[in-house]
Amino acid sequence: MLVWTVPVHARIWTNTLGRTFEAEFIRLDGKGAAIFALPNGRQFSMPVAELSPGDQARLNDGGQTPKNEMVPASFGSPWPREIRLDGPVGCKIISEDAAAGRYIYESPGYRFTSDSRITDDALRNFAVMFEATRKYAKSLPISLGGVAQRGGRLDIHLFGTMQAYVRAGGPPNSAGVFSRGIVLVPMESLGLKDVGTGFSLDVRRHNKVLVHELAHQLTPEVYFAPGARGWFSEGLAEYISITPYTWGYFNTDVHGNVVKAYATSQGTDGSGGRAIGSDIVAPKLRSFFLMPYETFSGENANFNYAMGLLLTHYFFHMEGGGRAARITKFLQGLHAGQQGEAALKPLLGGGDYEKLEGEISAAWARMGVSIRFGG
C-alpha cells in the first residue's frame with residue numbers, strides 16, 4: 001500500500017524524541033531556529049537542535065525531502081532464481097529510553113525507531129527479513145535501490161498501538177504505509193505481540209504487509225510517475241512481497257504459480273490472497289495503465305492490486321520469452337523523465353493496446369487464467 005500522506009510542499013519531520021509532525025519548512029531565522037508552516041497555514045518556530053540529526057542535515061540542503069539514492073543500473077542482468085543472505089546479520093541497540101518511549105535499533109541497511117521495546121528474537125528476525133528483502137530487490141535487473149537516510153540507512157518507524165500509528169500519519173484501517181521515504185508500521189500488523197518484556201515476533205510468519213512496504217521504500221521515485229504509479233508501483237510491491245521466503249532466502253516465482261494462486265485465490269498455502277477468481281473481466285488496458293492512483297487504491301483496490309501483479313509478472317517473465325525487454329525499455333524511459341502515454345509506448349512492442357491485450361490474455365490463458373479486457 002502506497003499512500004502520500006502529506007501535501008506536495010510539506011513533509012514529515014522528526015524531533016530528537018522520535019515524535020513526528022507534518023509541516024513545510026519556510027526558512028531559518030538566523031538565531032538557531034527553523035520556521036515551519038502547518039497544513040492549516042499557521043507558522044511556528046522550533047530550535048534546530050531539537051530536530052533529528054537527519055532533519056538537521058536536511059535543513060542545510062534547503063529543507064527538501066531527500067532524493068532517491070543513485071542506483072547503479074542493473075538492466076539486462078539475468079533474473080535471479082534465488083537470493084540468500086551470506087552469513088549472519090546483526091541488529092544492534094542504539095538506544096532504549098523507556099521514559100521517553102523511544103527505542104532505536106540498527107541493522108546494516110536499516111534504522112528502526114519504535115515507541116516500544118522489541119525483544120531480541122524479533123530484532124534478529126527483523127534484521128534477517130529486512131536485509132534479505134533489500135538484497136532481493138537490489139538483485140532484480142530493474143534498478144531498485146530506494147531512499148537513503150541517516151548515514152545510508154533506510155528509516156522504519158514502528159508503533160505499539162494502532163492509535164499511535166494513526167497519529168503519526170498512518171491511514172486508519174491500514175496495515176502499513178510508505179510515506180515520504182519512511183515506512184510506518186503498527187506492531188499488530190506484523191504479527192508482533194506484547195509479551196511483557198517487549199514485542200516479540202512470530203518467527204514462522206512471512207509478513208507480506210511488511211515486505212510490500214519495504215518494496216515501496218526500495219523503489220526509485222521515477223517508478224511512481226504517471227503511467228507507472230498504480231499498476232506497476234503496486235504490482236511490483238505485490239510481486240516482491242509474495243515471493244516465497246524462508247529465513248533469509250527468497251525463491252523467485254519465475255513460472256508464475258505463486259502469482260496465480262495469490263491473485264486468483266487464497267495463495268499456495270491458503271494463508272491469504274486477492275482471490276479475484278480465474279475468470280477475470282478487466283478494464284481496457286490503456287485506462288488501467290493510466291488510472292489515477294486515487295481510483296486505483298479506492299473501492300476496487302483489491303482487484304486492481306491483483307491485476308497489477310498479473311501484468312507485472314507478465315512483463316517480467318512471459319513477454320518476449322521472459323527476457324523482460326519491453327519492461328526494461330519502459331523503466332529506462334521513466335529514468336529518462338518520460339511519463340504517461342509516452343512512457344507506456346515501449347510496452348506495446350510496436351503494436352497497439354488491443355494487440356497487447358490479446359498477448360496478455362493468451363499468456364495467462366496458458367496458465368488457466370481467463371482475462372477479458374473491457375468485457
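No value in this document is a laboratory result; all are computed from the given coordinates. Since we're looking at a predicted model, the values are computed, not measured. We place every Cβ from the backbone using ideal geometry, glycine too, and count neighbours over all the protein chains shown.
Label-to-label distance for Ser265 and Glu221 is 4.3 nm, based on points extended 7 Å past Cα in the beta-carbon direction. Along the chain, the exposed loop sites are chymotrypsin sites (Phe, Trp or Tyr not before Pro) outside DSSP states H, G, I, E and B with at most 16 other Cβ atoms within 10 Å, and the longest stretch free of them is 76-246.
What length, rounded to one decimal in nm, is gained on full extension from Ala99 through to Ser74, with 0.36 nm per residue of separation minus their alpha-carbon distance? List each step's numbers first, then the result.
Values: separation 25, 0.36 × 25 = 9.00 nm, distance 4.58 nm.
Going from the current span to full extension adds 4.4 nm.
A Förster distance of 56 Å, applied to the separation of the beta-carbon atoms of Thr16 and Ser287, puts the FRET efficiency at 0.75.
Separation of the alpha carbons by more than 21 angstrom is noted, of Lys92/Lys135; Lys138/Lys284; Lys284/Lys355, for Lys138/Lys284. Give the distance, in whole Å, between the Cα centre of the stretch 325-375 and the Cα centre of the stretch 266-310. Centre-to-centre distance over Cα atoms comes out at 16 Å.
In this structure, the amide hydrogen of Ser179, modeled 1.01 Å from its nitrogen in the peptide plane, lies closer than 5 angstrom to those of Leu184, counting only residues at least 5 positions away or on a different chain. Here Lys329 is the anchor, and the aspartates and glutamates within straight C-alpha reach of less than 16 Å, apart from those fewer than 8 places off in the same chain, are Glu319, Glu341. Considering helices alone, the calculated mean residue ellipticity of the chain at 222 nm is -8500 deg cm²/dmol, with DSSP H runs of length four and up weighted by -39500 (n - 2.57) and normalised per residue. Here the label points at Ala365 and His255, each 7 Å from Cα along the C-beta direction, are separated by 2.3 nm in the simple model.
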